[in-house]
Amino acid sequence: MNKIAVYPGSFDPITNGHLEIIKRASMIFDMVIVLVAVNPDKKATFTPEERVEMISKVCEDIRNVDVRSYSGLVADFMKEGLYDVIIRGLRTVTDFEVEFQMAHINKNLYPYAETMFLCADDETTCVSSSVVKQIARFGGDISDYVPNCILDLIETRIKNNKED
Ligand code: ADP
């Protein structure tokens, strides 16, 4: 049986923390769909297309990763594709509270959706997209927090778009 997991998130932008989770999930499942979940109520810095492009670039060497974007409820994406595993990463107790609630809501919306949590790696547990953007806006060094192949892209984009 081909076991497919969906890893949804904003990925605005993808960080080394996200990548760590993707790599580990890709070793457990036959296929991992990294889903850029587009939420019109949440102001993003990068467009969904840019986010998909960055994730695809970062994951190009992982053969069982597919990158997509979806505007709508993750539960609906799961239902449409008949997927049943959602992957989420956990960094802190605060993450846990939010994620626990979301796992229940997704299960209520689509009862076959089982959320599985992977704990953040020691080295990337403090990394978040918002911290990366905050450092980059002030010209700080983000090379420890994001994959090398998208470093220039993030820095240039944020420099040219300081108001985000
Ligand atoms: P969302 O806006 O849906 O929370 P994010 O892109 O911020 O999207 O995060 C997507 C998922 O990745 C969430 O489950 C989040 O907890 C997890 N995540 C984010 N950063 C890290 C990290 N450094 N280590 C492990 N998991 C992480």
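Observations, loosely collected:
- Hydrodynamic radius (Kirkwood) for the stretch 19-104, which is based on Cα pairs only, to one decimal in Å: 14.2 Å
- Counting only protein heavy atoms and using a 1.4 Å probe, the accessible area of residue 110 comes to about 20 Å².
- Three-way shape label, the stretch 62-130, alpha-carbon gyration tensor, a/c 1.5: oblate
- 99, 114, 80, ranked by accessible area, largest first (probe 1.4 Å): 80, 114, 99
- Computed over the stretch 1-62, the ratio Rg/Rh where both radii use C-alpha atoms and Rh is Kirkwood: 0.98
- Proximal charge balance of residue 125 [Cβ under 14 Å; K/R count +1, D/E count -1]: -4
- Sorted largest first, extent of the chain alpha carbons per principal axis (Å): 45, 33, 30
- Computed over protein heavy atoms with a 1.4 angstrom probe, the accessible surface ordering of 117, 96, largest first, is 96, 117.
- Residues in the stretch 67-80 carry Karplus couplings, in order, of 10, 9, 10, 8, 9, x, 6, 4, 4, 5, 4, 4, 5, 4 Hz; the curve used is 6.51 cos²θ - 1.76 cosθ + 1.60 with θ = phi - 60°, and Gly or Pro positions show x.
- Two-decimal log10 I(q)/I(0) for the stretch 89-161, as the Debye equation yields it once each C-alpha is a single scatterer, q = 0.13 Å⁻¹: -0.55
- Maximal additional length on extending the residue 61-residue 49 stretch stands at 2.3 nm, based on 0.36 nm per residue less the C-alpha distance.
- At a probe radius of 1.4 angstrom, the accessible area of the chain per residue rounds to 57 square angstrom.
- Among residues other than residue 21 with Cβ under 11 Å from its Cβ, the summed charge is +2 (Lys and Arg +1, Asp and Glu -1).
- Spin-label model distance (nm) - residue 114 vs residue 141, 7 Å beyond Cα toward Cβ: 4.4 nm
- Max mean-square fluctuation residue, GNM over the chain, Cα-Cα springs under 10 Å, options 19, 90, 82: 82
- Residue-span extension gain [residue 1 to residue 156] - 0.36 nm each, minus C-alpha spacing: 51.5 nm
- With 0.36 nm allotted per residue and the present C-alpha distance subtracted, the residue 92-residue 68 stretch has 6.0 nm of extension available.
- When you count the other C-beta atoms within 10 angstrom of each residue and take the mean per peptide, 33-39, 54-60, 120-126 line up highest first as 33-39, 54-60, 120-126.
The values are calculated or read from the model by the stated rules, or taken from the named source; none is laboratory data. Being a predicted model, the structure only gives us computed values, none of them experimental. Here the Cβ is made from the backbone with ideal geometry for all residues, glycine too, and neighbour counts use every protein chain on show. Protein only, heavy atoms only, side chains kept; ligands, DNA and RNA dropped before computing areas. Shrake-Rupley method; radii C 1.70, N 1.55, O 1.52, S 1.80 Å.
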